[in-house]
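All of the numbers you see were taken from the coordinates with simple rules; none came from a lab. This is a predicted model, so every value here is computed, not measured. Cβ placement follows ideal geometry from the backbone for every residue including glycine, while neighbour counts extend to all protein chains displayed.
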Amino acid sequence: MYKKIASFTVNHDVLRPGLYVSRVDGDCVTYDLRMKTPNAGDYLGQGALHTLEHLLATFLRSGAISDQVVYVGPMGCRTGFYIIFRDTVSRAEVLEQCRAAFAFAAAFEGPIPGAKRVECGNYRGHDLPGAKREAAAYLEVLSRCGETTFDYQP
């Protein structure tokens, strides 16, 4: 038998877009950047998701707290991203960095970082206009988030 992982214990029927602490493992905190309502039929397009991954990772791994970023990656269900920070980063700083990263993505112009054939395993699978739209929409969600909204609501 196998152990049920933490993300499968969250009730996805009541989960709404937001920014949540998903789990804490030692000195690493996994944040759930839920951009879409699960199982509602509206998901991140594959190209937009892929481009957002490149933009968010580039921004966060190039910024002031880049050495505190462990992982940036999309959810397979295409409803958001997981970002893992070291526990030395406060919730306020996580929120600030996420807002800045999505603002960067929403306003991004030019070649997508890391999207050349020699840099990316699916270099043709990008959608910058879609990524920009999704980033702008999630900025609205983040504007309603605060340090007291980081816990999953039952």
- Selected residue (criterion: nearest to Asp87 (Cα to Cα)) from residues of region 27-56 that are surrounded by fewer than 18 Cβ atoms within 10 Å (Cβ to Cβ) and in contact (Cβ under 8 Å) with a residue 60 or more places away in the chain: Asp27
- Just need a number here: residues in region 44-89 that are in a helix (DSSP H, G or I) and over 20 Å from Ile112 (Cβ atoms). 2
- Just checking, which of Phe102, Phe85 is closer than 13 Å to Ala135 by Cβ and among the aromatic types (Phe, Trp, Tyr)? Phe102
- Qualifying positions in region 1-20 - farther than 19 Å from Thr37 by Cβ and either surrounded by 16 or more Cβ atoms within 10 Å (Cβ to Cβ) or of a type outside the set (Phe, Trp, Tyr) (or both): Met1, Lys3, Lys4, Ile5, Ala6
- Message: Can you pull out every residue in region 113-140 that is in a helix (DSSP H, G or I) and either over 17 Å from the mean Cα position of the chain (by Cα) or among the hydrophobic types (A, V, I, L, M, F, W, C) (or both)?
- Response: Leu128, Pro129, Ala131, Ala135, Ala136, Ala137, Leu139
- Message: Out of the residues in region 8-38 meeting the condition of being in a strand (DSSP E or B) and acidic (Asp, Glu), tell me which one is nearest to Leu49 (Cα to Cα).
- Response: Asp32
- Message: So, in region 19-64, how many residues would count as being under 10 Å from the mean Cα position of the chain (by Cα) and farther than 13 Å from Ala135 by Cβ?
- Response: 5
